[in-house]
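Peer 1: Dropping the structure in here first, questions after.
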Amino acid sequence: MRLLKLLLPVVLLAATALTPAAAAPAVQADEVAARLATIPGLRIESSSVVGGKPFFVLRYTQPADHKKPNGAKFEQRVTLWHRGFDRPTVLHTTGYGGVGGAFTSEPTRLVDGNQLNVEQRFFNSSTPAGPDWSKLNIWQAASDHHRIVQAFKKALYSGKWVSTGASKGGMTSVYHRRFYPDDVDATVAYVAPQDVDNRRDSYVGFIQDAGTDPQCNLALRNLQRNALLRRPAMVAKLAEYAAQNGLTYESTFGSVDRAFEAAVLDTPFAFWQYSTQASCPLVPGSATATDQQLFEFIDRISGWSFYSDEGTASFLPYYFQATQQLNWPDVASKTTWLKGLFALPRGGGCAGRSTGFHRAEARAVRDGGRGPLAEVVRAPDALRVRRERSVERREVRTGARHAGLALVHGPQRQPRLQHRRAADGAARGGHGHSADVDGCAGQHRSSGHNRRSRSAAGQRTVSSSATSLRAWWIRAFTVPRGTDSSSAISA
């Protein structure tokens, strides 16, 4: 009892001392919320205190078409992690759906800044009702970011601004900076691949030079050949796998057979993106490898579930963008060791064909990374962009030339990523959406493969032939809830 009496004053004193500090985040959150309330079209979905700082999940009303600001609207998901009104502000995006919880990008940590994370239009819940897919393009997305920046500058953060993102998020930052160069003071674009012309892709050749052990790549090629030579047995295994796991392979790829072929084609790319040469002995590249060994290895490297309708559902908007405007790595057309083993039609790239996008938008994509930026140090060999003759895609290059961006690569784990090639910007940093076949968007083809399908939500998606793409940068740069983005920078 005496001890309790002695300790009680100490406890009360400690509680008194802690009360103002504990109350500070709440007071600060109230002030942030009050300022957020002054932004027209913005509502607070939830608020909390994370790491002693206010964290908000917001919904911001955007025009579905910025050329018709009084037309249809949708709510875009934005998160805000507040540090201080006097701190710099970082505009971050993955280029896909928004991250689930609070995290900080590398630039945010470096400047100890506020961070806004913006979900890309047409992804997840940031989708207009009855969406017009022609409004999913880089100019519309850049205009989303422009409105957000202007609104937050006026209401909360009048200081310095930095935009950032990795892979498709890096591309998104580049395009935003191109169309609205005065929105931010600096741009740090990690990876930011520019796949300008599929007809000149060199991913297959580049991957074949990966590492220092030619036998490793030979084993990967043999694995591909053996898997395709044993197609009936392997497809049967995949069908059984789908049934056991409640998966389907119909709406996105069109069939189990097509999904199987895509996964096999992607395996060498995926191996070198996520593994090192130390894993080469694990490749079942001999003729004695069993069907089960092949199946399990491809699952471990490529992931059969990823190719399912369920695995690709949330990324269908990206597939549309890839076929219409952004392109993708072609990992099929130069695989000479697989000649005669493809059961499905193959096609070339989309460059030079009409995509229905305005030339100003095409110019912005094609320009992807030229021009110095005085206030940000440009990383060496950050991006090399090819010159093309295609009139309709020529404008794709103007993006970063006019913006003048710093393009930064995160830590690399494979020797192959240290090389420089005309079309390897994606492979070096995680850009790896590969196409298994027909190549261009469905409207370019009149064959029976030009079938339109609908997603589970009833939204119109691109044809199954056009969506045969591998979204490797999706998995590399989608940051799980509550994690730090530094792990998402590595390829």
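Peer 1: Please compute the per residue accessible area over the stretch 108-234 with all protein chains in place, 1.4 Å probe, rounded to a whole number of Å².
Peer 2: Working: 3970 Å² over 127 residues.
Dividing the accessible area of the stretch 108-234 by its residue count gives 31 Å².
Peer 1: Take peptides 302-315, 172-185 and line them up by average Cβ neighbours within 10 Å, highest first, as a rough protection proxy. Mind showing how you got there, number by number?
Peer 2: Numbers: 302-315: 19.9, 172-185: 23.2.
So the order, starting with the most tightly packed, is 172-185, 302-315.
Peer 1: Under a 1.4 Å probe, what is the accessible area of the stretch 237-298 per residue, stated in Å²? Let's see the in-between values first.
Peer 2: On the way: 2310 Å² over 62 residues.
Per-residue accessible area for the stretch 237-298 comes out at 37 Å².
Peer 1: Which residues' amide hydrogens lie under 5 Å from the amide hydrogen of Val331, considering only partners 5 or more residues apart or on another chain, with H built in the peptide plane?
Peer 2: Excluding prolines and chain starts, which carry no amide H, the hits are Ala435.
Peer 1: Something else now. Which lysines have a Cα lying under 17 Å from the Cα of Lys237, excluding residues fewer than 8 positions away in the same chain?
Peer 2: none
Peer 1: Sticking with this one: How would you classify the stretch 184-249 from its alpha-carbon gyration tensor, with a ≥ b ≥ c the square roots of the eigenvalues: rounded for a/c under 1.5, else prolate if a/b is greater than b/c, otherwise oblate? Write down the numbers at each step before the final one.
Peer 2: Details: a/c = 2.71, a/b = 1.48, b/c = 1.84.
Taking the square roots of the gyration eigenvalues as a ≥ b ≥ c, the stretch 184-249 is oblate.
Peer 1: Volume per residue, Å³, of the convex hull around the alpha-carbon atoms of the stretch 65-200? Don't jump to the answer; show the numbers that get you there.
Peer 2: Working: hull volume 15.9 nm³, N = 136.
Looking at the stretch 65-200, the number lands at 117 Å³ per residue.
Peer 1: Okay, next question. Tell me the net charge near Pro128. Cut-off is 10 Å between Cβ atoms, Pro128 excluded, with +1 for each Lys or Arg and -1 for each Asp or Glu. Provide the component values of the computation, followed by the final result.
Peer 2: Values: positive: Lys73, Arg121, Lys135; negative: Asp65, Glu75, Asp132.
Here the charged neighbours net out to 0.
The values are calculated or read from the model by the stated rules, or taken from the named source; none is laboratory data. This structure is a prediction, so every number in the text was calculated from the model and none was measured. Note that each Cβ is placed from the backbone with ideal geometry, even for glycine, and that neighbours are counted across all protein chains shown. Quick note on the areas: whole protein, heavy atoms, side chains included, nothing else; ligands and nucleic acids left out. Shrake-Rupley method; radii C 1.70, N 1.55, O 1.52, S 1.80 Å.
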